[in-house]
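What follows is one structure encoded as C-alpha cells, with my remarks underneath.
The values are calculated or read from the model by the stated rules, or taken from the named source; none is laboratory data. On a predicted model such as this, the values are computed, not experimentally measured, just so you know. Here the Cβ is made from the backbone with ideal geometry for all residues, glycine too, and neighbour counts use every protein chain on show. Keep in mind that these areas ignore ligands, DNA and RNA; they rest on the heavy atoms of the full protein, side chains included. Shrake-Rupley method; radii C 1.70, N 1.55, O 1.52, S 1.80 Å.
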Amino acid sequence: MLDFRLGQRVHSAGDPRRIGTVRYLGPVQGYSGTWVGVDWDSGEGKHDGSINGVRYFQATSERSGSFVRSQNLSSGITLLQAIQLRYRGDTTQEEEDEMYVLSSSNKRVNVQLVGKDKIQDKLSRLEELTSASVSFLGVSSPGDPCDIRTNVPNLKELDLTGNLISDWKDVSTICEQLPDLFALNLSYNSMAQDIVGLPHLKCIRILVLNNIGINWTQVEILKHSLPEIEELHLMGNKISTIEPASSYAVQGFDHLRLLNLEDNCIADWNEILKLSHLKCLEQLHLSNNNLNRVFYPDDGLMHELLNGYESPDKNHKPFQNLRCLLLGGNNIEDLASVDSLNSFPQLVDIRLSDNPVADPGQGGIPRFVLVARLAKVEMLNGSEVSPRERKESEIRYVRLVMSKMQGNTKDIQWLHPRFAELKVFHGIEDEKPLVGTAGPQKMSSGLLSITLKCVGASIGEKPSLVKKLPGATTVGKLKVLCESFFRLKSIKLKLFFEEKGSPLPLLLDDEMATLTDLGIGNESTILVDEES
C-alpha cells in the first residue's frame, strides 16, 4: 500500500486506458485486507464510494467508484520507458489493430504499415526521433531528467494524451530536457489546479490541453510561461467565463494565432469580446458552446465594456486579424448575428452549421442566403464559396427578397442590409406585376431551367429531365407535373432541392411555396422521391 497515495492517478493493471484517481486507502468493513478506493474517469465502476451503508469516499458519479486490491493497479511508468515500449518493442497484433485514422464521418479506418520493418528500424533509433506519441501508455513521471535528453535529444513533437501526468513540475522537467520541443499534447491528463514552478517554455509553439479540467484563471498563469505560443487548444474543459488577470480584455499572447475553445460552456458573447484585443489571433474555434448571438462591438460598446480600464492598444480594432470563426453547434437563431459577421475586418472562413439560423428545417435560412448575406466569406461550413456560387447566390437572394417585399423600403433595408447593394451590383431591375394572362415574352423571361431527377426506389430508373418552369410554380403544382412528366401513378411524391455546397438536400414540404419563394434559381436540381 505504500505505493499509492490519496489523489494519485493510477490505471488498471494491464489496461492503461482504464484510468482513475485514488480516493481511499484502508480497510473495508466486511472484507479482509487493505483496499484502494478508485474513482474511475470513465464512470464505469460499481458504486459512489459507499458500500453496505458506509461511506469511504465521494465518487464523481453514482457508479464511478470501486474498491481494488493494490496488485490490480499500476502507478505508471516513466516517459523514457513508454518511448522504448512504443518504439523499440515489437508491436503485437492487438496494437496494430489499434493503429487507425479517423474518417470524415469520425469512423476508425485501420492503417496497414507498408515497409514496417524499415520503419521500425528507423524509429528504434531513439536519438533520431523527432516526433513521438505515447498516448494511453500509463506515463506518470519524467523519470531521470538526464535520460530524456540523452536518449531523445531531437524530439520536437510529443503526444502525452491519456496518461497519468498530473504535476505541472513534471511538465516543466520534460520541456527543459527537450530544448527543441515545439508541440506538446497533454489532453486527457487530470492536471493539478495549482500551476507552480513553470519556467519560460520559450520553444513551445503548440500546446494542446483538451479535457484536462483547466479554467481561464489557470490559462492566465500559464500565459507567462509561454511567450512564443501560437496555437492553444482548450476543448472540453467546461469553461464558461474568460477571466483576464488585470483588465477587461485578455492581454499578452503576443504570437497566438489559433485559440480553440470548442466543446465548452460559454453562453455569453461578451465573454468572447474579452479576446478581441489578441492582436495576432487569426482563428477562433467556438463550436459546440451555448452561444445564442454574435455581434461586433463598436467603439462605444468597447469603452463601456472596458469599464475604466485602459485599452491595451488604442489603435487596435477588435478582432482585427481574425480570419476564421467556427460557431457550429451553438444556439444562434437571429439574422442580426449573421449580418454582424460582415463587420469583422478580415473574416473570410465561417462555420454556422448546426445552429437554428442555418437549418431550414428549424426555420433557418439555406446556404445561398448565407452566402449572399456574408459579403466576404470564402469558406462556409467547411466548403469553399466559388465566384460562380457567390454570383448565383446573390442573384437568387435578390429575386427572393423582391418576390416577398411589399414596398416598405425601410423594413427591407433593416431585414436585408445587403439587398439594395446587391440589386444595383447585379443590375437587377424591379419586376412589374403581371396583369391578366402573361404574354409569351413575359412568360419566357421568367422561366427557370430545372433538372428533375428521380431517386425513389419503387419509381424505377428513369432518365433525368430538364424543364423550363415559371418561378411562380408552387411545390404542389410541381408534384402534379412530375407525375405527368415521369408517368407516375398511385405514388405519393415528395420533392427535395439539391443545393450546391449543402450536405443534405432540402425537403420541399410547403405545398403553397413557389420556386421563387424557396430561392430555387436557374439550373437548379430537384430530386423526385416517394413518401415512405
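Taking only C-alpha pairs under 8 Å that are 6+ residues apart, what is the relative contact order of the stretch 1-87 in percent?
26 percent
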*asked:* Tell me the net charge near Ser340. Cut-off is 10 Å between Cβ atoms, Ser340 excluded, with +1 for each Lys or Arg and -1 for each Asp or Glu.
replied: -1
*asked:* Explain nothing, just the number: relative contact order of the chain, from Cα pairs under 8 Å at least 6 residues apart, as a whole percent.
replied: 6 percent
*Cα point-scatterer Debye curve for the stretch 334-380, base-10 log of I(q)/I(0) at q = 0.16, 0.24, 0.26 Å⁻¹*: -0.38, -0.84, -0.98
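If you average 1/r across every pair of different Cα atoms in the stretch 459-525 and take the reciprocal, what Kirkwood value do you get, in Å?
That comes to 12.8 Å for the stretch 459-525.
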*Can you give the accessible area of Arg149, probe radius 1.4 Å, in Å² rounded to 10?*
110 Å²
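Only helical DSSP H runs with n ≥ 4 go in: add -39500 (n - 2.57) per run for the chain, normalise by residue count and round the 222 nm mean residue ellipticity to 500 deg cm²/dmol. Intermediate results must be reported in sequence, preceding the final value.
Working: 15 runs with 123 residues, N = 532.
Calculated from helices alone, the mean residue ellipticity at 222 nm is -6500 deg cm²/dmol.
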*Could you give the alpha-carbon Rg of the stretch 156-308 over 2.2 N^0.38 Å, rounded to two decimals?*
1.05
*Using a 1.4 Å probe and ignoring any ligands, DNA or RNA, find the accessible area of Thr516 and quote it in Å² to the nearest 10.*
40 Å²
*Distance from the Cα centre of the stretch 334-386 to that of the stretch 1-67, in angstrom?*
49 Å
*May I ask you to work out the translational diffusion coefficient for the stretch 51-93 at 37 °C, viscosity 0.692 mPa s, via Stokes-Einstein with Rh from the Kirkwood sum over Cα pairs, reported in whole µm²/s?*
231 µm²/s
*Using the Kirkwood formula over every pair of different C-alpha atoms, what hydrodynamic radius in Å results for the stretch 8-74?*
11.6 Å
